1. Starting from 0.36 nm per residue, how many nanometres of slack lie between Asp236 and Arg429 once their C-alpha separation is accounted for?
2. Below 11 angstrom from the Cβ of Leu849, what's the summed charge of the other residues (Lys, Arg +1; Asp, Glu -1)?
3. Work out the charge dipole of the chain with +1 on the Cβ of Lys and Arg and -1 on the Cβ of Asp and Glu about the Cα centre, then indicate which of Ala480, Phe675, Gly133 is farthest towards its positive end.
4. Which net charge results when you count Lys and Arg as +1 and Asp and Glu as -1 among the other residues whose beta-carbon is under 9 Å from that of Trp671?
5. If you put +1 on each Lys and Arg Cβ and -1 on each Asp and Glu Cβ, how big is the dipole of the chain around its Cα centre, in Debye rounded to 20?
6. What angle, in degrees between 0 and 90 and rounded to the nearest 10, separates the Cα long axis of helix 573-592 from the longest principal axis of the Cα atoms of the chain?
7. Under a plain spin-label model, where a point goes 7 Å from the Cα along Cα-to-Cβ, how far apart in nm are Glu674 and Leu523?
8. State the answer as a single residue: which of Ala815, Ala703, Asn188 lies farthest towards the positive end of the charge dipole of the chain, with beta carbon charges of +1 for Lys and Arg and -1 for Asp and Glu, about the Cα centre.
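Read the figures in this text as sums done on the coordinates, not as results from a lab. Quick caveat, the model's predicted, so the values are computed rather than measured. Using ideal geometry, Cβ is built from the backbone for each residue, glycine included, and neighbour counts are taken over all protein chains shown.
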Amino acid sequence: MLDIQKTANSEMADAAPAPVDPATIRREDYRPPAWFIPEIELDFQLDLERTVVRSKLDVRRSKSASADEPLVLQGDDITPTAVKVDGAAWNDWKLIEGDLVLPLTGASHIVEIEVELDPSTNTQLMGLYGSNGMLCTQCEAEGFRRITFAPDRPDVLSRYQVRMEADKAQFPVLLCNGDKVAEGDGENGRHWVQWNDPWPKPSYLFALVAGDLVSNNDSFTTRSGKPVELNIWVRDGDLDRTGHAMQALKDSMRWDEETYGREYDLGLFNIVAVSDFNMGAMENKGLNIFNSRYILADPEVATDADFDGIEGVVAHEYFHNWSGNRVTCRDWFQLSLKEGFTVYRDQSFSADMGSAALKRIEDVRILRAAQFPEDAGPLAHPIRPESYQEISNFYTATIYNKGAEVIRMMNTLMGPENFRKGTDLYFDRHDGEAATCEDFVTAMEDGGEIDLKQFRKWYETPGTPRVTAKLSHDPQTGTATVQLSQKIAQNGEKPKSSELVIPLRTALLDPETGAHEGEQLLLLDQTEQSFVLEGHKDHPVLSINRGFSAPIILESNQTAEELAFLSAHDDDPFARFEAVQRLMTGYLTAKVSGTPVDRDIILQAVAKILADKTIDPAFLAELILLPSEAFLGDQMVEVDPQAIHEEREKLRGKIAVQFEKQFRKLYKSCWPGEFSLDAEARAKRKLRNVTLGYLAASFTEDAAEVAFEQYREADNMTAMQGALAVLSHLEAEERAVAFDDFYKRFKGNPLVLDKWFSLQVMSQRSDTLKRVDGLSRHPDFTMSNPNRVRALYGAFTGNQVRFHDPSGKGYRMIADMVIALDKQNPQTAARFIPQLGRWRRYERGRSELMRLALEKIAAQPDLSKDVAEQVHKSLA
Ligand code: BES
Ligand code: ZN
């Protein structure tokens, strides 16, 4: 639309201001609110089909607002049934595009509004909705306006007093933010509870829950001695699966005191698990609401990865109490202020709770799988975007994961002590405020005594920087020179040089022993720069971007021999892992593009790794894993998923055959004893699954048998899922037997049934497309539950070789699903567009079919804002 206007006015394009698209919200257009609402009283008469919400707003005109500025209260899909101003009925209101506009003239008023809702028909899962017989809310980012009329923007902070009333038998538990201050029984079997949240908060942090729930009740004493009651609320049968989440909560509370000096600030902390939830979890003040998959776990139904996910998400939402709630965001362009920082905080917490090296490998894997492709595609945006149409589309890997990397780089630049001084000042200076990313950086500068002027470019620059590193050596002077340069590509354009501040942890390793004299932090802050390092008699081996100290793509002139050397000797675990990955990636991308290349060096490197007895089993499992097909595709100019799949399988098969004996031995050595969640037992389970994968890849006759045996005797979900993952690709009859058995065993547990759906559609088998289609008609499949939709279709779009079937059937299937889901749940529907949005990266045939699938979606009448924005941007 924008483009058409531009062409029509091309002669005056320079003179005229850029055409304004009314649907686009711009960061530069921020204006402070005209009205503040220091106090809000809410009264809920709760019922699944007919809930009445009465609100009483204490509205105050801002001193900077003009006297004729009307009061505009956002609403979405609601109508007032009664309005009062200063105690009297008031008819002078209008609904303009859903918003309630009141032409008020005074400096302050009391506005009362009544709204009726039908939560049972709320399929978007935004606002107040029913899930499994309970009532719950989701307000971030703009869901509060679906409950009642209010200035639904994060820079309007209010104190909330909430009265909830409901049928006592149907909803015995009534929860809201803050502290419970009174409760009692009403008439006709009803009861009520009064809640008071002493901390002013923006509307997006409001929450309530009503349901028939039980709680795992515990307590925590803060370091200043204040007692906190902790509850995790679930449905009756799930209580014994809440222990891990509770432990994670207590660990998080302690960690935030010790690491950031942050104490909890209420006497009560409630968490509720719900089955229908668009996201992972939500940090509502004192009342976190969780997708049940991030709460419920015991070894029989949850994998080790699930346990870690729970620990990380519980921590994340808890940490928001300071980074997000006490200090919130001025507007949604500042989203990374709370999300990037909080992801960084939860990553650091998990690193401290387990293995920092494994955690870093995992976090970088996620960054590369989700964020790098986003940065390289049509939906690229800086961690602080300039504009959006639908804010829900901006809860992205860029805001979250690249945002976290930017905070991590600050820590690297400042050192942990100054970093802490910076965050202390930030929390102190902005407590109770709605802040900006700029406020954060300024506080870090002031508190941490550092100049971050140039570093700020990370906030406005989209795209992943490419850093070229060349090492040269002068034996005469004993100097080694690291020559660095940086450039950045945006939206498929040719890379341009850039000047970001890029901290690169670097070591030069002795070419014989791999030893080095300590790491250096090279600060690349110009387009091209050289660093001269003394004292290297022999030509050293370069180990750079250790620990993945900067979120960049490294291009170096390192030979396969040097990478093999690093894969055997580098003392930085991430760098060592990275060396193997680069070695394998280099080989596979060369093979796919038909360039002759040596395979033996990889086999030798793997042999050395397998022979190194100092490597612990979990790290070993990481080191011998091949880069994913998706990652390999990202390294190619033009992606051919079939070719990548075939070359990768060949290499996997070769490694499997060559080292079959070792894999068998390792597999046996990981025989599980008594189940335990400790690091050693988990490491064994991990390595056992990876070696099982190799045994299957070696085409030994007993592969299916071994996997089936592992399935049969497993007493935990990690082993079961590992066995099923291997079986899922095989033609052997054990496959169906195991999957049928699994279904029968777990059909009553939705979270486990999700795994059953996912594992089948992740299969490499050629009948997978048909299976996806069949499963979409399975009685247990429903479009109403986001977890189930993601389990089936989300897992399928990750299956490179089958989603990208050359017929285009996979694309059409996803397009049709998006069209159907959009009518029900636009937010979840829109999350599938980026998969098709990468169409420009694929070889001609697929590219065209992907584009056609997008066109089909774009052609639908009445698309949601969510899907429309993503589709149009992907096609532009
Ligand atoms: N504030 C978000 C929840 C949210 C996300 C609300 C999107 C509205 C729209 C929450 O803190 C969050 O970030 N949750 C993540 C999990 C987290 C561990 C990264 C999620 O839900 O995926
Ligand atoms: Zn968050």
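1. 65.1 nm is the gain from fully extending Asp236 to Arg429.
2. +2
3. Toward the positive end, the furthest listed residue is Ala480.
4. With Lys, Arg at +1 and Asp, Glu at -1, the net is +3.
5. Roughly 1520 debye for the chain.
6. Between helix and principal axis, roughly 70 degrees.
7. Roughly 5.4 nm, to one decimal.
8. Ala703
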